[in-house]
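Working notes, beginning with the structure itself.
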Amino acid sequence: MSNQEHDQEISIQTDDFSLADEVALLEKGNLTDGAVVTFTGRVRNNNNGNFVTTLTLEHYPGMTEKSLAKIITQAKDRWQLGRVKVIHRIGELTIGDQIVFVGVTSKHRQDAFAANEFIMDYLKVKAPFWKKEKIITAVTEDGNDAGTTSENWLDAKNSDTNKAELWS
Amino acid sequence: MINIVFFAALREQLNCSNMSLAADEAKTVNDIKQLLADKSTQWQQIFSNTSLLSAVNHDMVDGDFPVKSGDEVAFFPPVTGG
């Protein structure tokens, strides 16, 4: 598979993306696929009981694209897929912001559902991204900042590793 | 020369994002790790963390992976994207 093809399938960007636009690109002129499955990951306002204010995403340019290309190739080897798109944002994000998009098309839904979940599960444990969260450790009932603000790199979760291993 | 890069929490702990080594100083990723650990007690402690991951030329590898001149060797914590 050419690098150019993967270039179109993978985007690492600071800018936001439009779910509607991405679905339109997966569908435009695509007359063979009856199934379109998309996943969008967003910044939530809580983690481990703390109030999250911002999330900063760092990555390893070059390796990120290479690892995502490998994951997409594995998915295509395993399931019947038409189009694939993976978008991952980097830089500082705030609550409710979109972080990641995975969209796949297939003739039928089973392959599309499975491939989408596989790509997300592998991205979680193999693609070199790291999240740093800014949190407030306590919040008063009226929502004012009553606690201290701190910055932490997130720890990887065993549950993500276990989930990815289910595909092997 | 071998180019070495660090990311995320590791980069901050080391206060260093990249450095280089003469290619004849190390045969494997583990050799490089040992050379880095020998730099100071602080680095020794940081590189004793067994959860650290390594990559050579953008592919994740194990410690016994061979390295040669021109390679880019990366060390980083477990990934947390998505």
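Taking the options A:V36, A:V52, name whichever one is at pLDDT below 95 and not polar (S, T, N, Q).
Within the list A:V36, A:V52, the selection yields A:V52.
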Kindly indicate whether any position in the range A:95-115 is within 14 Å of chain B (Cβ to nearest Cβ) and in contact with a Gly (Cβ under 6 Å, 6 or more places away or on another chain). yes
Of A:V104, A:V125, A:V37, which residue is among the hydrophobic types (A, V, I, L, M, F, W, C), in contact with a helix residue (DSSP H, G or I) (Cβ under 6 Å, 6 or more places away or on another chain) and either farther than 23 Å from A:A24 by Cα or free of Cβ contacts under 8 Å to residues at least 40 places away in the same chain (or both)? A:V125
Matching residues in the range A:19-54 (closer than 15 Å to A:N116 by Cα and of a type in the set (S, T, N, Q)) number 2
Tally the residues that are more than 18 Å from A:L154 (Cα to Cα), part of a strand (DSSP E or B) and over 11 Å from the mean Cα position of the chain (by Cα), restricting the search to the range A:91-135. 3
Which condition number in (1) crowded, with 16+ Cβ neighbours inside 10 Å; (2) on the phi < 0 side of the Ramachandran plot; (3) within 14 Å of chain A (Cβ to nearest Cβ) is the one that B:A26 fails? (3)
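Considering only the range B:17-51, how many residues are in contact with a Lys or Arg (Cβ under 8 Å, 6 or more places away or on another chain) and within 25 Å of A:E65 (Cα to Cα)?
Residues meeting the conditions: 1.
Conditions (1) aliphatic (A, V, I, L, M); (2) more than 14 Å from every other protein chain (Cβ to nearest Cβ), marked per residue:
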position	(1), (2)
B:A8	yes, no
B:Q13	no, no
B:Q34	no, yes
B:K39	no, yes
B:W43	no, yes
B:F47	no, yes
B:T50	no, no
B:D59	no, no
A:E22 fails exactly one of (1) among the charged types (D, E, K, R); (2) closer than 21 Å to A:A127 by Cβ; (3) free of Cβ contacts under 8 Å to residues at least 40 places away in the same chain, namely (3)
Considering only residues that are more than 8 Å from chain B (Cβ to nearest Cβ), assigned to a strand (DSSP E or B) and of a type outside the set (S, T, N, Q), look in the range A:43-76 and name the one that is farthest from A:D155 (Cα to Cα). A:F51
Quick one: what pairs do we get from the range A:1-13, first residue modelled with pLDDT of 95 or more, second among the acidic types (D, E), C-beta under 8 Å, 6+ apart or different chains? A:I10/A:E65; A:I12/A:E65
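The values are calculated or read from the model by the stated rules, or taken from the named source; none is laboratory data. In this text, all values refer to a predicted model and were calculated from it rather than measured experimentally. So basically every Cβ, Gly included, is an ideal-geometry build from the backbone, and we count neighbours across all protein chains shown.
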